[in-house]
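The values are calculated or read from the model by the stated rules, or taken from the named source; none is laboratory data. Bear in mind that the values here come from a model prediction, so they are computed numbers and not experimental data. FYI the Cβ positions are ideal-geometry reconstructions off the backbone, even for glycines, and counts take in every protein chain you see. In case anyone asks, the SASA skips ligands and DNA or RNA and just uses the protein heavy atoms, side chains included. Shrake-Rupley method; radii C 1.70, N 1.55, O 1.52, S 1.80 Å.
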Amino acid sequence: MRRSPLLPRRQVGFLVLLVALVVALAGPLLPARPAAVGAETIRAKTIRTEGTVAAEDDPASPWVWPTGTHEVVRPWEAPADEYAAGHRGIDLPAPLGAPAVAVADGTVSFAGQVAGRGVVTIDHGDGLVSTLDSVEPSVSTGETVQQGAAVGVVAVGHCPATDPCVHLGARVDGRYVDPLPFLSPAAWPVLLPESAWPG
């Protein structure tokens with residue numbers, strides 16, 4: 001009697017499912033991911049001052065999510081070199097006119113238009129800078145802002161008006177880095193089409 005060629009595939013599929021289940025259950029027990037390279041450890045906190053929009057975030061993460069949603073619709077895509085194509089930040093969905101907040105305490109180093117899009121850049125000190133692209137600024141250059149304070153509203157720009165977003169960028173000592181490690185984990189994984197996968 002010949003063995004069915006499907007039996008080993010079923011066993012492999014079962015093992016893959018078992019490993020995924022173990023990883024999912026053990027995930028919360030694993031140590032937290034390290035902070036991004038070169039970033040000073042800043043503890044996120046609840047801000048209850050007037051004009052504050054963002055509520056408390058994960059206290060182990062230095063930044064709060066700027067749009068309140070913990071969802072990434074387009075991830076960081078590291079460029080091959082400083083001048084190569086890539087996606088130097090992450091895109092977060094947000095309705096037009098929704099408030100965008102400072103991810104951490106800092107000083108506004110730029111608030112205005114870049115190539116027809118509203119941009120707010122905040123210097124957090126120690127070489128760490130965040131940028132919110134596609135935001136109509138409500139702050140001015142030189143202004144001091146607190147984490148969670150509104151700095152503008154979502155506008156058309158990086159993403160189309162039919163599917164608006166805020167592009168969050170991060171730089172450490174002038175070099176673009178993935179902003180995701182500065183944030184608390186996303187509420188759920190986002191499945192991207194294969195064509196959008198950077199790997």
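Some points to look at:
- Couplings for region 132-142, taken from phi via the Karplus curve 6.51 cos²θ - 1.76 cosθ + 1.60 with θ = phi - 60°, read 10, 9, 6, 10, 7, x, 10, 10, 10, 4, x Hz in order; Gly and Pro are left as x.
- Extension gain, Thr107 back to Gln146 (0.36 nm per residue minus Cα-Cα distance, nm): 13.2 nm
- Ranking Val108, Gly97, Pro79 by how far each Cα lies toward the positive end of the dipole of region 58-146 (charges on Cβ) leaves Gly97 at the top.
- Amide H partners (placed H, <5 Å) of Val166, local residues excluded: Leu92, Ala94
- Residue-level accessible surface for Thr67, protein heavy atoms, 1.4 Å, Å²: 30
- When the residues Phe182, Phe110 are ordered by accessible surface, computed with a 1.4 Å probe over the protein chains alone, the sequence from largest down reads Phe110, Phe182.
- Direction-averaged projected area, Cα convex hull, region 81-147: 5.4 nm², rounded to one decimal.
- Span from the region 123-189 Cα centroid across to the region 85-101 one, whole angstrom: 7
- Annotation: amide H-H contacts under 5 Å for Glu143 (H modelled 1.01 Å from N, sequence separation of 5 or more, or interchain): Val108.
- Residues whose amide H comes within less than 5 Å of that of His70, counting only those at least five positions distant or on another chain, are Ala187 (H built at 1.01 Å from N in the peptide plane).
- Residue by residue, region 180-185 carries 3J(HN,Hα) couplings of 4, x, 7, 9, 5, x Hz when phi is fed to the Karplus relation 6.51 cos²θ - 1.76 cosθ + 1.60 (θ = phi - 60°); x denotes Gly or Pro.
- Stretch gain in nm, segment Asp81-Val156, where the contour uses 0.36 nm per residue and the Cα spacing is subtracted: 24.1 nm
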